[in-house]
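*Asks:* Below you'll find the structure I mean.
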Amino acid sequence: MCFSAQADIVGGVVVAAIGVDAVRHVDRRYDHLLVACLPLLFAVHQLDEAVVWWGLQGHVSAEAGRVALWAYLLFAFVWLPVFVPVAVIALEERRSRRWMMAPFVAIGVVASTALLAGMLRGPVAATVGEYHLAYSTGLQAGGLIVGLYVIATCGSLLVSGRRSVAAFGLVNLIAVAALARLTVDGFASLWCGWAAITSAAIALHLRFGRSAAAPVLT
């Protein structure tokens, strides 16, 4: 996944099919709708990165590649850290639990704003690395902002009142650590490979978790 434009296209199509299946099995569980949409969003994200590859390789115009680059980073850096905690909060049945998780949305907004400011400050660029694309922005205090990003996305999952969601958050946190250790500059690109596994887990939950509600912690 994400090793080439072709891999992005194949991965994007597969994840899109998973996303369609996830949305089809939402039924009337409207609290699951935002989570169910994640695979479809990840699919578009991967397909968009294929255009970034083509722009760097000269297969499409530099302008098209530049637009795709910004779209890719806006989704990964600006949209996702806010959308994920909001989607997780929507799953919660207890109002007290939702209020307890609200700070993760605020943290996501802070991370998103800082990342957007870094992008606007620039320069924003992507280069072809070994089996991935390396993205760079004008972000300052990167370690702190990345930490807030992880807290917003993985932390909101970890404190969910649903045991299955909390377990999923732990797996995501381990994946983040593993990818960060593997590569720093290619993290944003390789993350899409993990998104495919994430999407499959979401689809399986929606398909087979229909008859019984997930355990809820008080």
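The values are calculated or read from the model by the stated rules, or taken from the named source; none is laboratory data. What you are looking at is a predicted structure, and each value in this text was computed from that prediction instead of being measured. Backbone-built Cβ (ideal geometry, glycine too); neighbour counts: all protein chains shown.
*Asks:* Would you mind telling me which numbered condition in (1) out of contact with any helix residue (DSSP H, G or I) (no Cβ under 6 Å at 6 or more places or on another chain); (2) free of Cβ contacts under 8 Å to residues at least 40 places away in the same chain; (3) within 26 Å of V26 (Cα to Cα) F75 fails?
*Replies:* (1)
*Asks:* Please indicate, with yes or no, whether at least one residue in the stretch 21-30 is on the phi > 0 side of the Ramachandran plot, modelled with pLDDT under 90 and over 18 Å from the mean Cα position of the chain (by Cα).
*Replies:* Scanning the stretch 21-30, I find at least one residue that is on the phi > 0 side of the Ramachandran plot, modelled with pLDDT under 90 and over 18 Å from the mean Cα position of the chain (by Cα), so the answer is yes.
*Asks:* Only residues in the stretch 26-38 that are β-branched (V, I, T) count as the first member; pair them with residues that are surrounded by fewer than 18 Cβ atoms within 10 Å (Cβ to Cβ), Cβ under 8 angstrom, at least 6 apart or cross-chain, and list the lot.
*Replies:* That search, which allows pairs on different chains as well, returns V26/L33; V35/A90.
*Asks:* May I ask you to list the residues in the stretch 123-171 that are of a type in the set (D, E, K, R) and either free of Cβ contacts under 8 Å to residues at least 24 places away in the same chain or exposed (fewer than 14 other Cβ atoms within 10 Å of the Cβ) (or both)?
*Replies:* Of the residues in the stretch 123-171, the ones of a type in the set (D, E, K, R) are 130, 162-163.
Passing the criteria: E130, R163.
*Asks:* Follow-up question, since we're still on this one. Touching a His at 6+ places or on another chain (Cβ under 7 Å) and either surrounded by 18 or more Cβ atoms within 10 Å (Cβ to Cβ) or within 18 Å of R162 (Cβ to Cβ) (or both), is that true of V26?
*Replies:* Numbers: touching a His at 6+ places or on another chain (Cβ under 7 Å): yes; either surrounded by 18 or more Cβ atoms within 10 Å (Cβ to Cβ) or within 18 Å of R162 (Cβ to Cβ) (or both): yes.
Against the criterion (touching a His at 6+ places or on another chain (Cβ under 7 Å) and either surrounded by 18 or more Cβ atoms within 10 Å (Cβ to Cβ) or within 18 Å of R162 (Cβ to Cβ) (or both)), V26 qualifies.
*Asks:* If you don't mind, another one. Taking the condition at pLDDT 80 or above, of a type outside the set (V, I, T) and outside any helix (DSSP H, G or I), does S160 pass?
*Replies:* So S160 fits the description; yes.
*Asks:* Looking only at helices (runs of 4 or more DSSP H) that fall completely inside the stretch 1-107, which ones have 1 or more residues that are farther than 25 Å from I145 by Cα and among the acidic types (D, E)?
*Replies:* Working: elements: 5-24, 33-57, 62-73, 80-91.
Here the list reads 5-24, 62-73.
*Asks:* I need a count of the residues in the stretch 87-122 that are touching a Gly at 6+ places or on another chain (Cβ under 6 Å) and within 30 Å of E63 (Cβ to Cβ).
*Replies:* Here the count works out to 3.
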